[in-house]
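Asks: Here it is, the structure, as C-alpha cells.
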Amino acid sequence: ERKQLRRLRREPSKTLDGVDIRLYANAESREDVAEAHALGAAGVGLYRTEFLFLQGRRIPDEEEQFRAYRDLVLGMTGRTVTIRTLDIGADKADETGLALRHEPNPAMGLRGVRLSMARDGLLLTQLRAIVRASGYGPVRVLVPMISGREEVLAVRALLDRAQRELRAAGHGTAERIPFGAMIEVPSAAIALPAFVRELDFISIGTNDLVQYLLAADRNNDALGDLYSPLHPAVIRLLHGVVRIARGRGMPVSVCGEIAGDARFTPLLLALGLEELSLHPSPLLEVRRAIRALDLGHLRARLPTLLRARDRAGLERWLDAAQPLHA
Ligand code: PEP
Ligand code: MG
C-alpha cells in the first residue's frame, strides 16, 4: 500500500476524465520544501513566513528574510512559490521580537495584515525581501486576513513601491509578481466582487473561514463537531468565491487543512476547484483520490451538494462521492 502510494510521486494528478488538478504544497521549513519537491508538487502554494519570526525572538531584517525566500525559490527549481506575508497575532505574544500586546481575543485582534500594516516598516521590509527573491525564480505574494478592499489597495501600493525602488537601485527582479489575497475572513468572501479586480489570484483559507463563519474557535475541542466545513453556509460561501474567480479566469485554490484530507477531495472538485495547496504528508493520498475521481460526474452532482441542508446531508453526499478504492 505504502509502496503503491510512493509510485505516485512521478504520476500526474489527473482525474479519470483527464483534467489536471494542480497540487501545491504548504510549507514552512526547508524539510517541507524538499519533500514537496520530491513528491512532484506543482509548486509551493502557501509558504508560512511566521516560522522566520518565531525563531530567535527578534525581527529578521531584510537581508535575513531575503536569504530565506531566495533559498526557498531555488529549492523549488523553477516551480512557482507563493510567499505569504506575516500572519502573527497576540496568541504568539511571548514568542517573537515584535513586542505584541496581550489581547483578550487574538483571533479577532491585531493579526495578519492588520499587524503588518500597524508596524512601521514591517510590511515594506518583508515585501522588499520577497521582491528581491523574485529575481531567482517565479514568486507570488499572498496576503493573510484580508477583510476588505482598503487593505488590498494599501498592500498592493506598498508592493509596487518595493518593486519600483529595488529596480531603481539596480536589483534584478521579476517583471511581474502576482498578488493574491487569502480569503479567510467572511467579509472578504462576501465582498469579493468589490476588489477582485485588484487581485491576480485567490487562496481560500478554510481553517479560518470556517472558524469565523461559524463562530467556532478552530482550537477549542469543547466545540466537538461544531467546527467543521460540513455546514451549508460554508459550502455556499466556497461555491460563491470559486465561481467569481473562475468567471474571471483567475487562479483560485484552497489551502486550509481540508485540502489535505482526501475524504474532502470530491467535494472540492465538485465546487470547481482545480488547484489545492496542502501539507506534503498527505499529498500522495490526495493525488490517488483525484486519479480515481470523474470530474464530469462530480460537477453533475454539484446541485445536490448545494441542496444539502445539514451536516448529515453533506456526509451522505460525501459518502456517495468517494472513489471506489477508498
Ligand atoms: C487557513 O486559515 O485556512 C490557512 C491556511 O491559514 P492558517 O492555517 O495559517 O491560519
Ligand atoms: Mg488563516
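Asks: State yes or no: is Asp160 away from ligand 1 (no atom under 16 Å from the Cβ), of a type outside the set (Gly, Ala, Ser) and more than 23 Å from Leu72 (Cα to Cα)?
Replies: Answer is no for this residue.
Asks: Do we have Leu238 as modelled with pLDDT of 95 or more, crowded, with 20+ Cβ neighbours inside 10 Å and away from ligand 2 (no atom under 16 Å from the Cβ) here?
Replies: Answer is no for this residue.
Asks: Next question, about the same structure. Kindly establish whether Ala300 is at pLDDT 95 or above and more than 21 Å from Ala25 (Cα to Cα).
Replies: yes
Asks: Looking for whichever is aliphatic (A, V, I, L, M), over 22 Å from Asn207 (Cβ atoms) and surrounded by fewer than 15 Cβ atoms within 10 Å (Cβ to Cβ) here; the options are Leu298, Leu306. Which one fits?
Replies: Exactly one of Leu298, Leu306 is aliphatic (A, V, I, L, M), over 22 Å from Asn207 (Cβ atoms) and surrounded by fewer than 15 Cβ atoms within 10 Å (Cβ to Cβ), namely Leu306.
Asks: Let me ask something additional. For the stretch 113-125, check the following and say yes or no: at least one residue is closer than 26 Å to Ile183 by Cβ, under 16 Å from the mean Cα position of the chain (by Cα) and outside any loop (DSSP other than H, G, I, E, B).
Replies: yes
Asks: Residues to consider are Thr125, Thr173; find the one that is among the hydroxyl-bearing types (Ser, Thr, Tyr), under 21 Å from Tyr69 (Cβ atoms) and touching a Gly at 6+ places or on another chain (Cβ under 7 Å).
Replies: Thr173
Asks: Quick check on my filter: what residues within the stretch 57-99 are modelled with pLDDT under 90 and of a type in the set (Gly, Ala, Ser)?
Replies: Ala93, Gly97, Ala99
Asks: Of the residues that sit in the stretch 272-312 and are small (Gly, Ala, Ser) and in contact (Cβ under 8 Å) with a residue 12 or more places away in the chain, which one is farthest from Pro12 (Cα to Cα)?
Replies: Ala308
Asks: Right, here's the next one. Search the stretch 198-214 for residues that are under 22 Å from Met250 (Cβ atoms) and of a type in the set (A, V, I, L, M) and pair each with any residue that is in a strand (DSSP E or B) and away from ligand 2 (no atom under 15 Å from the Cβ) when their beta-carbon atoms are under 6 Å apart and the residues are at least 6 apart or on different chains.
Replies: As it stands, the answer is Ile202/Val252, since those pairs meet every condition given.
Asks: Sticking with this structure for a sec: For the stretch 127-147, which positions are touching a helix residue (DSSP H, G or I) at 6+ places or on another chain (Cβ under 6 Å) and part of a helix (DSSP H, G or I)?
Replies: If the condition is that a residue be touching a helix residue (DSSP H, G or I) at 6+ places or on another chain (Cβ under 6 Å) and part of a helix (DSSP H, G or I), then Leu127, Arg128, Ala129, Ile130, Val131, Arg132, Ala133, Tyr136 are the ones that fit.
Asks: Out of (1) surrounded by fewer than 15 Cβ atoms within 10 Å (Cβ to Cβ); (2) in a strand (DSSP E or B), the odd one out for Leu74 is which?
Replies: Here Leu74 meets the rest and fails (2).
Asks: Let me ask something else about it. Of all the residues that make up the stretch 230-275, how many are under 22 Å from Ala215 (Cβ atoms) and hydroxyl-bearing (Ser, Thr, Tyr)?
Replies: So the count comes out to 0.
Asks: If the requirement is being aromatic (Phe, Trp, Tyr) and over 16 Å from Pro144 (Cβ atoms), which of these qualifies: Tyr212, Tyr227?
Replies: Unique residue meeting the criteria: Tyr227.
Asks: Among the residues of the stretch 3-24, are any closer than 26 Å to Arg299 by Cβ, part of a strand (DSSP E or B), in contact with a Gly (Cβ under 7 Å, 6 or more places away or on another chain) and modelled with pLDDT of 95 or more?
Replies: yes
Asks: Return the residue satisfying two criteria in turn: it lies in the stretch 82-140 and is within 26 Å of Leu166 (Cα to Cα), of a type in the set (S, T, N, Q) and touching a residue at least 40 places away in the same chain (Cβ under 8 Å), and of such residues it is farthest from ligand 1 (Cβ to nearest atom).
Replies: Checking each candidate, the answer is Ser134.
Asks: Of all residues being within 16 Å of ligand 2 (Cβ to nearest atom) and in contact with a Leu (Cβ under 8 Å, 6 or more places away or on another chain) in the stretch 114-138, which is farthest from Val81 (Cα to Cα)? Just the residue, please.
Replies: Leu115
Asks: Kindly provide the set of residues from the stretch 185-214 that are more than 16 Å from ligand 2 (Cβ to nearest atom) and either surrounded by fewer than 16 Cβ atoms within 10 Å (Cβ to Cβ) or of a type in the set (Ser, Thr, Tyr) (or both), ordered by number.
Replies: Scanning the stretch 185-214 gives Ile190, Ala191, Pro193, Ala194, Arg197, Glu198, Asp200.
Asks: Select, from Asp87, Asp160, the only residue that is within 15 Å of ligand 2 (Cβ to nearest atom) and of a type in the set (Asp, Glu).
Replies: One residue alone meets the criteria, Asp87.
The values are calculated or read from the model by the stated rules, or taken from the named source; none is laboratory data. Bear in mind the structure is a predicted one, so any value in this text is a computation, not a measurement. Every residue, glycine among them, receives a Cβ derived from its backbone with ideal geometry; neighbour counts consider all protein chains shown.
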